[in-house]
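Worksheet for the structure shown next.
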């Protein structure tokens with residue numbers, strides 16, 4: 001079939017073919033998971049186009065270097081960052097590197113997922129090893145050419161040099177020969193010393209920046225396949241409701257409409273749901289036809305559920321013994337009985353949509369030979385392909401999935417519902433199909449950040465120390481299973497820092513799809529936990545920041561610290577948590593600034609996704625209750641190296657402002673089983689006037705670097721609410737703030 | 001209906017439903033994918049183009065209202081990304097996902113055409129209806145100031161050695 005007009009990267013294929021013809025094949029380094037020798041040898045038997053699938057690195061005879069970024073790019077900057085790691089150890093000039101997006105290739109690439117802030121920790125070593133292996137093979141080629149020991153050869157920005165004989169050859173000259181060298185063992189390949197990094201740690205611009213600012217087609221929505229029809233898919237507003245009947249024939253007669261059919265679908269909220277597909281010559285015609293569509297739905301058993309009902313059920317559950325205990329250290333009841341002060345508080349955070357700006361979409365082409373080609377803006381394409389295979393009855397090996405740049409994801413695109421919808425519709429229609437959702441579809445059929453209810457009781461002794469902590473977390477799920485993203489780990493902070501600690505959970509059933517929103521779990525838990533810690537600090541009459549430092553010093557020797565909840569798991573390092581708190585204290589001028597009434601500073605910290613972040617918010621609230629954030633200070637610890645500081649700063653600022661937007665006004669409510677909100681009118685994103693200065697600092701240590709897409713978000717919400725308390729004396733226990741009365745006198 | 005108008009200086013005639021918005025005419029009829037669809041409700045600004053020089057949402061502008069007009073899209077803002085706003089966007093590495101940035105750039109270019117030296121408040125007022133889900137607002141604001149500098153120095157601007165963009 002004809003290649004879709006999506007990106008100009010296919011040009012490199014022509015270069016490869018040209019080079020292949022001249023020099024008998026390019027030089028490429030295959031996946032670190034596959035024996036390099038096998039694949040390098042295999043290049044002689046693979047067609048050039050196939051060979052490129054497995055390649056991370058291609059060096060052309062003219063010396064130009066192409067590096068494949070294997071991970072999906074959702075705005076986190078991974079398409080720039082992973083190739084930086086390879087280029088560093090390959091020792092090439094970054095300016096000469098062309099970056100190409102890899103397609104889904106589970107045979108040769110591992111971890112093609114944008115989630116869990118996992119790409120940095122899981123690729124930090126392997127990607128550098130891939131680059132270093134390439135460098136070693138180029139050196140071996142040069143050494144063989146000159147008949148000198150490899151150990152005497154050095155590299156410098158795309159050249160191999162032999163100092164004694166003053167010989168040098170470019171990587172381009174050596175590429176063909178290098179491909180015949182025995183690949184080194186990745187485990188023993190020599191990596192650069194940190195002090196010799198020339199690319200890692202440099203402020204490096206997004207490799208797609210030019211394409212973005214000139215409007216080149218990059219995103220899923222931009223894919224065009226010759227002969228394709230445009231589809232809209234109408235689902236029941238009540239999740240998984242079935243089609244009873246629809247005026248299909250009337251819709252078929254409308255202008256431009258080519259096919260209309262019912263999709264039976266299933267009941268799994270993460271899979272193909274029932275609905276009506278309308279295919280037309282243009283998306284506008286499909287969408288226009290949709291306004292005339294009349295469907296009688298069988299709304300099913302969840303049509304009566306509502307946010308009001310969930311809240312009532314949560315309140316009821318909170319008064320009953322918890323369904324199960326997730327963690328119990330010491331004796332909370334006894335400690336509360338002997339506490340100098342006990343404090344009780346109930347916290348709530350709502351469902352939230354992801355609202356990525358590019359609405360869900362996917363393009364699929366079912367071909368006559370039984371294979372399928374898919375262009376998917378997916379953060380997690382491998383499970384998407386499996387679901388398509390299973391649902392559509394196509395062997396997974398017969399499905400090619402191209403990864404497109406994504407117009408935001410924030411966890412929404414970890415779900416692949418749009419992919420299976422496009423695939424199914426294309427299979428039925430027997431023509432290439434571009435499925436595109438309306439904004440309203442996107443808001444009303446999300447996998448929402450689940451709402452959560454925390455019922456806290458805390459006890460402090462006469463010296464102000466926390467002696468008891470109980471959280472009865474009321475969430476969604478069935479039996480011992482939490483709904484997706486609705487979980488909590490038994491060792492959530494302050495477990496291990498309070499002698500008598502209990503974390504209990506009760507769940508209620510839910511017929512609303514939920515999933516993972518940037519810093520899942522943490523984005524709600526941090527609000528509740530760090531706000532309640534603030535309540536304890538004020539009850540103890542202590543400075544809230546100092547109170548937290550003291551709490552972190554109160555390590556319970558008899559209470560083992562297991563890994564905290566969320567993923568990826570890692571042990572809690574209280575020294576790192578203290579360090580970021582101290583750093584943000586120093587940078588924000590905490591406690592040193594005299595603030596007028598109505599203005600306050602609040603602090604919070606949280607550990608998630610292997611990163612430690614402490615944040616201070618200064619906020620001002622007018623007597624009439626109008627809130628204005630003045631500034632946010634951030635101190636983060638994600639290890640020894642900030643790989644791309646230019647992007648890191650952007651990610652942190654974006655995360656913090658994202659958190660503010662959640663706190664300000666984001667809420668999804670359910671009524672009559674369906675989502676009430678439908679657009680940016682009733683689900684507001686942050687705006688320019690709300691974009692306040694965010695000052696970013698990093699603490700450094702010797703720990704290998706970890707991810708940054710998520711951990712900066714959670715602390716800002718409680719830090720803001722804690723600032724509001726200082727400014728107004730009003731404790732915010734329910735989000736969003738737009739529902740709260742912040743007036744003071 | 002048949003409608004004739006100019007896109008990026010070129011005369012075009014399309015034959016599409018009269019209520020079809022300019023956005024879809026650009027994207028699907030003329031295969032110009034730079035202008036983005038975010039909401040279709042004039043709420044997000046991803047679809048911003050210039051209509052006779054002024055910033056306008058293309059997602060709710062029916063093609064019938066475009067007859068005879070001169071439209072500029074992100075693809076036609078400059079020959080190859082050399083407009084001061086595009087240069088500044090690259091220099092400051094504004095984009096995260098990048099999806100809203102065509103609309104942001106078009107809105108910023110229209111602002112600078114009217115007000116060559118906007119202050120932060122001017123920017124916030126002019127740009128407040130352009131949403132960025134990644135919240136790159138701080139860099140957009142800084143990039144607009146930087147674009148104003150570049151424009152003041154003449155176009156195209158070659159950065160002097162050692163000269164730095166505005167720090168955030």
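The values are calculated or read from the model by the stated rules, or taken from the named source; none is laboratory data. None of the values given here were measured: they were computed from a predicted structure. Every residue, glycine as well, gets a Cβ built from its backbone with ideal geometry; the counts of neighbours run over all protein chains shown.
Can you pull out the residues in segment A:161-190 that are closer than 21 Å to residue A:125 by Cα and in contact with a strand residue (DSSP E or B) (Cβ under 9 Å, 6 or more places away or on another chain)?
A:183
For segment A:644-687, enumerate the residues that are part of a helix (DSSP H, G or I), within 8 Å of another protein chain (Cβ to nearest Cβ) and more than 18 Å from residue A:712 (Cα to Cα).
None; the set is empty.
Hand me the list of strands (runs of 3 or more DSSP E) wholly inside segment A:341-429 holding 2 or more residues that are within 14 Å of chain B (Cβ to nearest Cβ). Don't jump to the end; show me each part of the working.
On the way: elements: A:341-349, A:361-366, A:372-376, A:399-403.
So the answer is A:361-366.
Restricting attention to segment B:124-140, which residues are at the interface with chain A (Cβ under 7 Å from one of its Cβ atoms) and in a helix (DSSP H, G or I)? Write out each step before concluding.
Initially, segment B:124-140 is screened for residues at the interface with chain A (Cβ under 7 Å from one of its Cβ atoms), giving B:124, B:127-128, B:131, B:133-139.
The answer is B:124, B:127, B:137, B:138, B:139.
Checking residue A:700 against (1) away from chain B (no Cβ under 14 Å); (2) under 29 Å from residue A:626 (Cβ atoms); (3) out of contact with any helix residue (DSSP H, G or I) (no Cβ under 9 Å at 6 or more places or on another chain), which single condition isn't satisfied?
All conditions pass for residue A:700, except number (2).
Which residue is farthest from residue A:206 (Cα to Cα), if the candidates are limited to segment B:74-95 and must be in contact with a helix residue (DSSP H, G or I) (Cβ under 7 Å, 6 or more places away or on another chain) and within 7 Å of chain A (Cβ to nearest Cβ)? Don't jump to the end; show me each part of the working.
Pass one, segment B:74-95, residues in contact with a helix residue (DSSP H, G or I) (Cβ under 7 Å, 6 or more places away or on another chain): B:74, B:77-78, B:81, B:83-95.
Those still in the list that are within 7 Å of chain A (Cβ to nearest Cβ) too: B:74, B:81, B:86, B:89-90, B:93, B:95.
Numbers: B:74: 19, B:81: 15, B:86: 14, B:89: 11, B:90: 8, B:93: 7, B:95: 8 Å.
Looking at residues that are in contact with a helix residue (DSSP H, G or I) (Cβ under 7 Å, 6 or more places away or on another chain) and within 7 Å of chain A (Cβ to nearest Cβ), I get B:74.
Checking residue A:442 against (1) part of a helix (DSSP H, G or I); (2) under 21 Å from residue A:274 (Cα atoms); (3) under 22 Å from the mean Cα position of the chain (by Cα); (4) away from chain B (no Cβ under 14 Å), only one condition comes out false. Which one?
(4)
Whether any residue in segment A:123-138 is part of a helix (DSSP H, G or I), touching a strand residue (DSSP E or B) at 6+ places or on another chain (Cβ under 7 Å), over 30 Å from residue A:414 (Cβ atoms) and without any contact (Cβ under 8 Å) to a residue 24 or more places away in the chain is what I want to check.
Of the residues in segment A:123-138, the ones part of a helix (DSSP H, G or I) are A:123-138.
Of the ones still in play, those that are also touching a strand residue (DSSP E or B) at 6+ places or on another chain (Cβ under 7 Å) are A:130, A:133-135, A:138.
Checking the rest, the ones that are also over 30 Å from residue A:414 (Cβ atoms) come to A:133-135, A:138.
Restricting the remaining residues to those that are without any contact (Cβ under 8 Å) to a residue 24 or more places away in the chain gives none.
For segment A:123-138, residues part of a helix (DSSP H, G or I), touching a strand residue (DSSP E or B) at 6+ places or on another chain (Cβ under 7 Å), over 30 Å from residue A:414 (Cβ atoms) and without any contact (Cβ under 8 Å) to a residue 24 or more places away in the chain: absent.
Tell me, which helices (runs of 4 or more DSSP H) lie completely within segment A:222-332 with 1 or more residues that are away from chain B (no Cβ under 14 Å) and over 31 Å from the mean Cα position of the chain (by Cα)? Working first, answer last.
Numbers: elements: A:248-252, A:283-290, A:307-318.
Hits in segment A:222-332: A:248-252, A:307-318.
From A:401, A:433, A:428, A:420, which residue is buried (at least 24 other Cβ atoms within 10 Å of the Cβ) and over 27 Å from the mean Cα position of the chain (by Cα)?
A:433
Scan segment A:697-714 and give yes if some residue there is within 17 Å of residue A:618 (Cβ to Cβ), part of a strand (DSSP E or B) and modelled with pLDDT of 95 or more, otherwise no. Before the answer, list the steps.
So in segment A:697-714, the residues within 17 Å of residue A:618 (Cβ to Cβ) come out as A:697.
Right, trim to part of a strand (DSSP E or B) and you get A:697.
After this cut, where a residue has to be modelled with pLDDT of 95 or more as well, the list is A:697.
Yes: one or more hits.
Checking the structure you have, find out if any residue of segment B:11-25 is in contact (Cβ under 8 Å) with a residue 12 or more places away in the chain, out of contact with any helix residue (DSSP H, G or I) (no Cβ under 9 Å at 6 or more places or on another chain) and within 28 Å of residue A:207 (Cα to Cα).
No: zero hits.
Is segment A:70-79 home to any residue that is within 14 Å of chain B (Cβ to nearest Cβ), part of a helix (DSSP H, G or I) and at negative phi?
yes
Collect the residues in segment B:37-54 that are more than 13 Å from residue B:22 (Cβ to Cβ) and more than 7 Å from chain A (Cβ to nearest Cβ), keeping them in residue-number order. Write out each step before concluding.
At the first step, the residues of segment B:37-54 found to be more than 13 Å from residue B:22 (Cβ to Cβ) are B:38-39, B:41, B:43-46, B:53-54.
Scanning segment B:37-54 gives B:45, B:53, B:54.
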